[in-house]
1. Would you be able to tell me the number of residues in segment 82-114 that are without any contact (Cβ under 8 Å) to a residue 12 or more places away in the chain, over 17 Å from residue 35 (Cα atoms) and assigned to a helix (DSSP H, G or I)?
2. Quick check on this structure: which one of 106, 119, 111 is modelled with pLDDT of 90 or more, loosely packed, with under 13 Cβ neighbours inside 10 Å and out of contact with any strand residue (DSSP E or B) (no Cβ under 7 Å at 6 or more places or on another chain)?
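The values are calculated or read from the model by the stated rules, or taken from the named source; none is laboratory data. Model, not experiment: these values are computed from the prediction. Cβ placement follows ideal geometry from the backbone for every residue including glycine, while neighbour counts extend to all protein chains displayed.
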C-alpha cells in the first residue's frame, strides 16, 4: 500500500526535522523539502494515470483539446502552488506562502477565462 510508504516517509521526515531544527535549522528545512519532494515523486504514477484517464474522457466526449489542456494546466498550477506554499509556510514565511497562493489563484483565473467565455458562448447559442 503506497499510502503506508507515503505516511512513513512523512513521519520520518517530520521527526528528522524536529530533531535537526534546534541545532541545524537550515539543514532541517532542507530535510523537510527533500522529504516533501520524495513524497511528490512517489505520486508521479498516480498523476500520470489521472491525466491519461481525463484525456481519454475528453477524447470520447469531444471536448476540444484546448479546453482539456487548460483544465490540466489549472489543476497542475493548483497543486504546485499549494505544495510550494506549504514548503514556504513550513519555513516560517506565512505571508510569502499566502502570496504564492494568491499568484496561483490569479493565474488559474486567467487560464479559466477562455473556458468561461466558451461556456457563455455555448449557452448563448442554445438560447438564441
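1. Result for segment 82-114: 9.
2. Numbers: 119 fails: modelled with pLDDT of 90 or more; 111 fails: loosely packed, with under 13 Cβ neighbours inside 10 Å.
Result: 106 is the single residue among 106, 119, 111 that is modelled with pLDDT of 90 or more, loosely packed, with under 13 Cβ neighbours inside 10 Å and out of contact with any strand residue (DSSP E or B) (no Cβ under 7 Å at 6 or more places or on another chain).
Rundown of residues vs (1) touching a helix residue (DSSP H, G or I) at 6+ places or on another chain (Cβ under 6 Å); (2) in a helix (DSSP H, G or I); (3) within 23 Å of residue 114 (Cα to Cα), yes/no style:
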| site | (1), (2), (3) |
| --- | --- |
| 31 | yes, yes, no |
| 39 | yes, yes, no |
| 45 | no, yes, no |
| 49 | no, yes, no |
| 59 | no, yes, yes |
| 68 | yes, yes, yes |
| 79 | no, yes, yes |
